[in-house]
Amino acid sequence: MEKRTDSPYPRKDLPILAIIGVLLVISTIVFAVTDHRKDWRYYQAEFKKMVAEKFGAEKAATIPSGMKQIWVPDMRRADRCITCHQGILWKGFETADHPYKTHPPEPIRTHPIEKYGCTSCHGGQGFAVQSQEAHGPVKFWEEPVLGKSMGEGYSLAGDDKGALIQMNCNVCHRFDRETKGMDMINHAKKLVRDKGCRACHVVNSRGGTIGPDLTFVGDKAAEQYDMSRLGGQKTAFAWHVSHFKNPKEVVPDTVMPNFGFGTKDAQSLAALMLSWKRAPVPVDFRPGVARTDPQTAEEVADEQRMKTGPGAWFVKTGCFICHSVSSLGVKSAAQIGPDLSTAVEDTQSRFGKTVDDFVKNPTGTMSVVLTRQIVLTDQEKEVAIQKLREAYAEHQKQKAAGTAATASGGH
Ligand code: HEC
Ligand code: HEC
Ligand code: HEC
Ligand code: HEC
Ligand code: HEC
């Protein structure tokens, strides 16, 4: 065999190879260092240094090292977040970077971390000790940390980009009418009351059946939504925001009204909807309010008064949930449909039908109402028509006397 004397590489290439070799070594070191930054050991070492600098070496020596976790058996949570977030309970690191920063005092004063852990409020994977895994989003894990970065990702309206955390707060606080520190959710709860969503939806076992029961709508998986008409992000949150801005754009044949919600309203409502889920939280973690939200005394009294007035039939039959009948003294809280005082002439202009024909062959929302929520026999429909005529007659009488209340209402 002939001995090869020439190297496969000409000699003049050697310096270049050497440079490449050195570069490889350097980049390996750089890579190792930057990768190391993500390790919890790195953060623990850094934190120890910070404490030593500020409070002395003796104090720093008291900081335990190693994997740390808060075990909350009642909630089946083992949160290792404090493995990196070691500064949570320390004073003096209020302006430090994450994960060394002191926690804002108020939330964990009322909800001590030994009892609540971290993820019950923040979300995230408690058992993970790597930054990306702990904070998410991670595939097959539905509870990423609801932090400022996510709020920014959704272009949350308003100054508080961290407000999404309130979705988790409300899993426990859902029966509060209002909770301090939960402005976004409070705003949404008020909209739900003012707009009369219960006319069509059951919430906490009270409400109508035109739309789906919303009590645990937050448990609905993202795959169960039809995202085909959404532009941009295809998440449950984005679906609800679009749906609130214009229900028909997402569900073309829906009878859910367009309430004209702007971005802030729609985002707040979306957050509230997603917070309505079954809580893996034992009863004593729920705030001490009644675990229902019954009608207020005022609402009950109003209903009682109208039930004995001339518009009693509309109250007892349930029409008043969506319709006022002002000529008969019936006032609807939600006013989702038009005032029925003038229905006798309005069905002509609105639907091109006599009121008889409309009640017998309704279209739109009323076709759903009369098949799903208030099912009337033929005989009862005759009564309905009769009552609508009485309301109209009364309206005309009041109009002649100059005392007619303006028939208002609608969407
Ligand atoms: C491996 C270390 C590590 C672990 C474990 C960890 N974090 Fe962090 N966390 C960080 C670092 C670093 C930052 C700042 C940079 C960033 O946002 O990634 C941070 C930032 C945060 C922020 C602020 C980000 C924002 O968007 O507002 C929150 C909130 C947070 N972490 C909560 C948690 C929770 C809850 C857990 C436990 C489920 C957890 N972290 C576990 C390292 C960690
Ligand atoms: C009772 C609910 C609750 C619990 C429990 C809780 N936090 Fe928080 N945390 C909050 C709230 C509220 C904020 C302020 C959010 C904001 O303003 O954006 C916050 C802020 C933070 C921040 C960001 C601080 C900042 O100034 O930007 C981090 C990081 C954090 N928490 C980590 C943790 C860790 C780790 C635990 C567990 C040891 C924990 N939290 C337990 C409610 C809670
Ligand atoms: C795991 C359930 C749970 C979560 C999550 C939770 N809370 Fe609470 N919260 C409670 C309970 C239970 C109480 C009642 C404590 C008591 O009265 O002893 C309470 C009390 C409160 C109070 C009244 C405190 C006081 O001064 O009496 C406020 C305000 C509050 N929570 C706000 C929040 C906010 C904001 C969040 C989210 C950052 C949150 N909670 C998350 C269960 C929870
Ligand atoms: C006139 C009846 C009506 C009113 C009033 C109404 N909805 Fe709906 N809603 C529906 C119907 C019907 C659907 C099912 C079709 C669809 O998704 O649009 C629906 C769907 C929904 C969904 C999606 C539920 C799911 O499981 O996909 C949410 C969330 C919702 N409504 C919330 C609200 C809120 C909040 C309000 C009050 C601001 C409200 N709705 C008012 C009729 C109504
Ligand atoms: C869940 C809400 C809801 C309930 C309950 C309801 N309606 Fe309606 N109704 C509407 C809406 C919304 C309209 C407007 C038409 C549309 O959007 O399709 C309407 C329209 C009407 C109209 C036509 C009015 C006009 O001026 O054009 C009549 C008549 C009517 N409803 C009668 C009734 C009667 C009678 C009852 C009780 C048996 C009743 N409605 C219960 C929501 C409701």
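The residues on offer are A188, A163, and the sole one that is within 12 Å of the chain's Cα centre (by Cα) and within 15 Å of ligand 1 (Cβ to nearest atom) is A163. Every condition in (1) at pLDDT below 80; (2) over 30 Å from T119 (Cβ atoms) is met by G56 except one, and the failing one is (1). Taken together, the criteria place P310 among residues that are at pLDDT below 95 and touching a Leu at 6+ places or on another chain (Cβ under 7 Å). Taking the criterion of being in a loop (DSSP other than H, G, I, E, B) and either buried (at least 18 other Cβ atoms within 10 Å of the Cβ) or out of contact with any helix residue (DSSP H, G or I) (no Cβ under 8 Å at 6 or more places or on another chain) (or both), the residues of segment 67-87 that qualify are R76, R80, C84, H85, Q86, G87.
Here's the yes/no breakdown for (1) at pLDDT 90 or above; (2) over 26 Å from A134 (Cβ atoms):
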position	(1), (2)
P10	no, yes
I16	no, yes
D39	no, no
Y42	yes, no
T83	yes, no
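Exactly one residue out of D194, D213 is part of a helix (DSSP H, G or I) and either within 16 Å of ligand 1 (Cβ to nearest atom) or farther than 28 Å from P107 by Cβ (or both), and it is D194.
Candidates V145, V202, V192, V171: the one that is more than 15 Å from ligand 2 (Cβ to nearest atom) and touching a helix residue (DSSP H, G or I) at 6+ places or on another chain (Cβ under 9 Å) is V192. Of everything in segment 88-102 that is more than 9 Å from ligand 2 (Cβ to nearest atom) and touching a residue at least 12 places away in the same chain (Cβ under 8 Å), the residue that is surrounded by the most Cβ atoms within 10 Å (Cβ to Cβ) is W90. Would you mind stating whether R206 is closer than 30 Å to V255 by Cβ, crowded, with 19+ Cβ neighbours inside 10 Å, basic (K, R) and away from ligand 3 (no atom under 16 Å from the Cβ)? Answer is no for this residue.
The values are calculated or read from the model by the stated rules, or taken from the named source; none is laboratory data. In this text the structure is predicted, and so the values were computed from the model without any measurement. Virtual Cβ from ideal backbone geometry, glycine too; neighbours counted across all protein chains shown.
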